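A.B. asks: My questions all concern the structure below.
The values are calculated or read from the model by the stated rules, or taken from the named source; none is laboratory data. Note that the structure is a prediction, hence the values are computed from the model and not measured. Every residue, glycine among them, receives a Cβ derived from its backbone with ideal geometry; neighbour counts consider all protein chains shown.
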Amino acid sequence: MPPLAGLQHSGSAQFYNAHSAIYAVLPPPYGARMTKQLLLGQTLGFSGNPLTGDWADAVQFDSAGGVLIDGAQIVAVGNGAALKAAHADAVVTDYGDAVISAGFVDAHMHYPQTGIIASWGKQLIDWLNTYTFPEEARFGDPAYAAMVADRTLDLSLAHGTTTLTSFCTIHPESVDAFFNAAAARNMAVVAGKTCMDRNAPDNLRDAAQSAYDDSKALLEKWHGTGRAQYAITPRFSPTSTPDQLAALGALWAEHPDCLMQTHLSEQHPEITWVKDLFPDARDYLDTYEAFGLLGAKGLYGHAIHLEPREIDRLAEVGAAVIHCPTSNTFIGSGLFDLMGLARAGLQIGLATDTGGGSSFSMLRTMAAAYEIGQLRGVALHPAQLMWLATEGSAQTLHMNGQIGSLNAGAIADITVLDLASTAAISQRFDKANDIWDALFPTIMMGDDRAIADVWIAGQRLTPR
Ligand code: GUN
Ligand code: ZN
């Protein structure tokens with residue numbers, strides 16, 4: 001297949017600088033520009049869940065496809081030539097053999113940990129105390145928080161991620177910084193103030209009442225503002241007293257349209273600690289359930305070492321677990337049972353978990369999910385990996401149909417993948433027999449160089 005003319009990557013530093021300039025001239029949310037855009041290339045979308053049935057039944061692939069965008073929205077996906085003939089007024093961008101996909105959706109990450117990503121030698125609790133908490137203590141400074149929020153969103157966009165779901169810190173300033181930075185880029189994001197009133201340093205503790213009050217004020221300010229969604233965010237049960245968990249459970253009951261995000265059963269020493277702290281709890285999940293923090297809009301990060309009752313309850317209420325594979329290997333947490341949990345009926349999202357995760361790239365994250373699958377005797381298909389990184393994650397956020405989708409009616413958040421972005425990938429791509437064989441080397445070996453273009457709400461971001 002020929003190389004992609006005109007899609008050379010511009011280099012990371014230049015990419016971020018150019019973005020700053022481009023963001024300054026972005027129109028208001030949801031794009032005021034009404035010009036029709038037609039993207040031509042190999043279109044890959046989904047009509048169902050490829051984890052639960054035959055993956056092939058869920059795939060919508062066209063090697064000569066087209067995506068028609070009007071304003072901020074995808075209005076048609078189909079044969080490229082037919083769309084071109086029917087919409088002669090559309091501005092055409094021809095991506096050749098590149099894959100046009102929904103933008104990647106990162107369902108769990110920590111933007112305040114960008115500065116400590118890839119910190120050496122610790123497992124979860126030591127890692128939090130040694131690296132994470134000292135860095136998070138800096139986010140009461142609005143200027144520092146804004147700088148890291150800008151940097152994180154630009155890094156994520158450079159890697160093709162168009163939606164992030166982030167923990168912030170205990171500081172309301174850190175939440176404002178993140179939502180403001182996302183609004184400046186017109187990105188759909190989910191975030192919330194991380195609440196902790198015990199087992200954290202003095203300068204990182206709030207209280208049950210202040211966590212409720214601050215979260216409520218932030219939620220009222222940001223939830224549904226532009227493309228922002230608020231998630232009530234107790235960090236994990238070891239750092240919240242029962243009073244704080246109850247206060248946040250009450251807040252969620254008052255605002256059931258919000259998401260709730262936390263961590264669950266990531267490492268064995270953590271689980272033992274939870275059992276010590278909550279002697280009456282049936283299991284880790286019960287420390288949330290008992291305080292009103294289990295529900296369909298709950299996002300439970302990691303969920304590696306679940307007990308049968310926990311799996312049954314998560315499935316029963318329709319809650320989502322978020323797989324964070326680079327984090328699980330980097331921090332040494334364990335091997336997530338993706339197929340077992342999917343068969344049990346759980347919603348599953350995919351996430352970087354930066355900076356416990358070791359990459360901003362959802363391609364690298366898919367590769368790590370594949371590797372963990374192999375260690376459990378399961379070979380995840382490229383279609384399943386791509387679904388997890390787009391539609392699957394969007395479903396866990398209850399934002400499917402809007403984001404993570406290459407279907408008519410969705411917002412045009414789009415990532416275009418160059419399938420021959422490096423010499424190593426290109427020589428493998430040249431031997432490919434079909435789209436999956438062509439795409440898989442990019443999933444396994446690709447990075448930001450594979451991101452040919454990114455569109456946010458119908459606006460093309462990548463500088464030429
Ligand atoms: N559990 C509680 N906090 C964290 C965090 O920041 N990262 C990870 N990976 N696990 C956690
Ligand atoms: Zn996390």
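Every residue, every condition in (1) within 13 Å of ligand 2 (Cβ to nearest atom); (2) within 20 Å of Met260 (Cα to Cα); (3) outside any helix (DSSP H, G or I); (4) in contact with a strand residue (DSSP E or B) (Cβ under 9 Å, 6 or more places away or on another chain), yes or no:
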| position | (1), (2), (3), (4) |
| --- | --- |
| Ser327 | yes, no, no, yes |
| Gly332 | no, no, yes, no |
| Met339 | no, no, no, no |
| Ser359 | no, no, yes, no |
| Leu363 | no, no, no, yes |
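A.B. asks: Quick check on the stretch 311-325: of everything there that is buried (at least 23 other Cβ atoms within 10 Å of the Cβ) and not in a loop (DSSP other than H, G, I, E, B), which residue is farthest from ligand 2 (Cβ to nearest atom)?
C.D. replies: Result: Leu314.
A.B. asks: Helices (runs of 4 or more DSSP H) wholly in the stretch 368-464 with at least 1 residues that are surrounded by fewer than 19 Cβ atoms within 10 Å (Cβ to Cβ) and in contact with a His (Cβ under 9 Å, 6 or more places away or on another chain) - which ones?
C.D. replies: Of the helices (runs of 4 or more DSSP H) lying wholly inside the stretch 368-464, those with at least 1 residues that are surrounded by fewer than 19 Cβ atoms within 10 Å (Cβ to Cβ) and in contact with a His (Cβ under 9 Å, 6 or more places away or on another chain) span 435-445.
A.B. asks: While we're here: Listed residues Ile304, Ile271, Ile331; which is within 22 Å of Gln123 (Cα to Cα), in contact with a Leu (Cβ under 6 Å, 6 or more places away or on another chain), at pLDDT 95 or above and within 12 Å of ligand 1 (Cβ to nearest atom)?
C.D. replies: One residue alone meets the criteria, Ile331.
A.B. asks: Specify which of the listed residues (Lys193, Lys216) is crowded, with 24+ Cβ neighbours inside 10 Å, at pLDDT 95 or above, among the charged types (D, E, K, R) and out of contact with any Phe, Trp or Tyr (no Cβ under 8 Å at 6 or more places or on another chain).
C.D. replies: Exactly one of Lys193, Lys216 is crowded, with 24+ Cβ neighbours inside 10 Å, at pLDDT 95 or above, among the charged types (D, E, K, R) and out of contact with any Phe, Trp or Tyr (no Cβ under 8 Å at 6 or more places or on another chain), namely Lys193.
A.B. asks: For Asp176, are the conditions met, namely being more than 23 Å from Cys324 (Cβ to Cβ), more than 14 Å from ligand 1 (Cβ to nearest atom), surrounded by fewer than 22 Cβ atoms within 10 Å (Cβ to Cβ) and at pLDDT 95 or above?
C.D. replies: In short, yes.
A.B. asks: Is it true that Asp126 is exposed (fewer than 15 other Cβ atoms within 10 Å of the Cβ), within 16 Å of ligand 2 (Cβ to nearest atom) and either of a type outside the set (A, V, I, L, M, F, W, C) or farther than 30 Å from Val148 by Cβ (or both)?
C.D. replies: Judged against the criteria, Asp126 is a match.
A.B. asks: Between a first residue in the stretch 173-199 that is part of a loop (DSSP other than H, G, I, E, B) and a second residue that is among the basic types (Lys, Arg), which pairs have beta carbons less than 6 Å apart while being 6 or more apart in sequence or on different chains?
C.D. replies: What qualifies is Ala188/Arg227; Met196/Arg205; Met196/Arg235; Asp197/Arg205.
A.B. asks: Considering only the stretch 80-122, state which residues are in contact with a Pro (Cβ under 9 Å, 6 or more places away or on another chain) and outside any strand (DSSP E or B).
C.D. replies: Result: Ile116, single match.
A.B. asks: Is it true that some residue in the stretch 347-363 is free of Cβ contacts under 8 Å to residues at least 60 places away in the same chain and more than 16 Å from ligand 1 (Cβ to nearest atom)?
C.D. replies: yes
A.B. asks: Examine the stretch 283-293 for a residue that is farther than 29 Å from Ala183 by Cβ, surrounded by 17 or more Cβ atoms within 10 Å (Cβ to Cβ) and within 16 Å of ligand 2 (Cβ to nearest atom), and state whether such a residue exists.
C.D. replies: yes
A.B. asks: Continuing with the same structure: Can you name every one of the helices (runs of 4 or more DSSP H) wholly within the stretch 238-309 that holds 2 or more residues which are more than 21 Å from Ala207 (Cα to Cα)?
C.D. replies: Where helices (runs of 4 or more DSSP H) fall fully within the stretch 238-309 and carry at least 2 residues being more than 21 Å from Ala207 (Cα to Cα), they are 268-277, 284-289.
A.B. asks: Taking the condition of being at negative phi, of a type outside the set (S, T, N, Q) and assigned to a loop (DSSP other than H, G, I, E, B), how many residues in the stretch 341-357 meet it?
C.D. replies: The number of residues fulfilling the criteria is 5.
A.B. asks: Inspect the stretch 156-169 for any residue being under 23 Å from Arg449 (Cα atoms), in a helix (DSSP H, G or I) and away from ligand 2 (no atom under 16 Å from the Cβ) and give the result as yes or no.
C.D. replies: Yes, the stretch 156-169 contains a residue that is under 23 Å from Arg449 (Cα atoms), in a helix (DSSP H, G or I) and away from ligand 2 (no atom under 16 Å from the Cβ).
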